[in-house]
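The values are calculated or read from the model by the stated rules, or taken from the named source; none is laboratory data. Because the structure is predicted, anything quoted here is derived from the model rather than measured. Using ideal geometry, Cβ is built from the backbone for each residue, glycine included, and neighbour counts are taken over all protein chains shown. Just so you know, the surface numbers come from the protein's heavy atoms only, side chains and all, with ligands and any DNA or RNA stripped out. Shrake-Rupley method; radii C 1.70, N 1.55, O 1.52, S 1.80 Å.
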Amino acid sequence: LYYLLAAPVFALTDGWISAIRLFSVVLGGALVVVAYLIGAEVYPGHLVFALGGAAFVAFVPQHLAMMSAVNNDSLSELLIALVVLQSMRLFRSSTIPGSKLILLGVTLGLGLLTKATFYYTAVPIALAALILHSRRYALRITHYVLVFAPVLLIGAVWWIRNLGVYGGFDVMGL
């Protein structure tokens, strides 16, 4: 997904690599904002922790280098952080609007198109939030469908493509 999103930037700038790096930096900047929001969700009365978390994400030297590189790490980390934020909000609320569940599913689905590490980082977080929420409140099977239908529909695009390219049952292109 990262490369698909970066392609118009590449085309509009006649292949100027710095423009694609700036695209990655913008994604990294969005990650800093989401890190702040996660901190604010965990410690709503102590926003200094949210600022500290955002600063940590923003100023670790190797992380800065990775966020300014042309690779899918910046988008993957942003989507993982968004899943964490959405899962935390889901876990804390007693009622869940269907639109929030669908948005979580879309975020998960987009992550599946971004990087393989997303599969074993973000998906278990969202699933755990749903399971823990269902233990505290009445969570129906329709809630799971609202989350995982978009995940499967979006992921199927990539998996079907990989089946066509790699053959057999190699949906991950391994």
Test result for Phe169, assigned to a helix (DSSP H, G or I) and either open to solvent by less than 90 Å² (accessible area, probe 1.4 Å) or of a type in the set (A, V, I, L, M, F, W, C) (or both): no
Which ones in the stretch 135-154 are closer than 18 Å to Leu79 by Cβ and surrounded by 18 or more Cβ atoms within 10 Å (Cβ to Cβ)? Val147, Phe148, Pro150, Val151, Ile154
What's the total number of residues in the stretch 155-166 that are open to solvent by 40 Å² or more (accessible area, probe 1.4 Å) and within 19 Å of the chain's Cα centre (by Cα)? 3
Search the stretch 111-136 for residues that are closer than 15 Å to Val171 by Cβ and pair each with any residue that is open to solvent by 60 Å² or more (accessible area, probe 1.4 Å) and not in a loop (DSSP other than H, G, I, E, B) when their beta-carbon atoms are under 6 Å apart and the residues are at least 6 apart or on different chains. Leu113/Trp158
Among the residues listed as Leu104, Leu132, the single one being in a helix (DSSP H, G or I) and open to solvent by 70 Å² or more (accessible area, probe 1.4 Å): Leu132
Just a yes or no: is a residue in the stretch 82-97 of a type in the set (S, T, N, Q), in a helix (DSSP H, G or I) and more than 13 Å from the chain's Cα centre (by Cα)? no
Counting residues that are within 20 Å of Ala81 (Cα to Cα) and modelled with pLDDT of 95 or more, which helices (runs of 4 or more DSSP H) fully inside the stretch 1-67 reach at least 1? 2-12, 17-42, 47-59
Starting from residues that are aliphatic (A, V, I, L, M) and in a helix (DSSP H, G or I), keep the ones in the stretch 107-127 and report whichever is surrounded by the fewest Cβ atoms within 10 Å (Cβ to Cβ). Leu127
Kindly list the number of the only condition in (1) open to solvent by 30 Å² or more (accessible area, probe 1.4 Å); (2) within 22 Å of Leu112 (Cα to Cα) that fails for Leu85. (1)
Please work out which residue is nearest to Gly111 (Cα to Cα), limiting yourself to the stretch 6-37 and to residues that are surrounded by 15 or more Cβ atoms within 10 Å (Cβ to Cβ) and aromatic (Phe, Trp, Tyr). Phe23
Can you find a residue that is of a type in the set (A, V, I, L, M), open to solvent by less than 50 Å² (accessible area, probe 1.4 Å) and under 14 Å from the mean Cα position of the chain (by Cα) anywhere in the stretch 38-51? yes
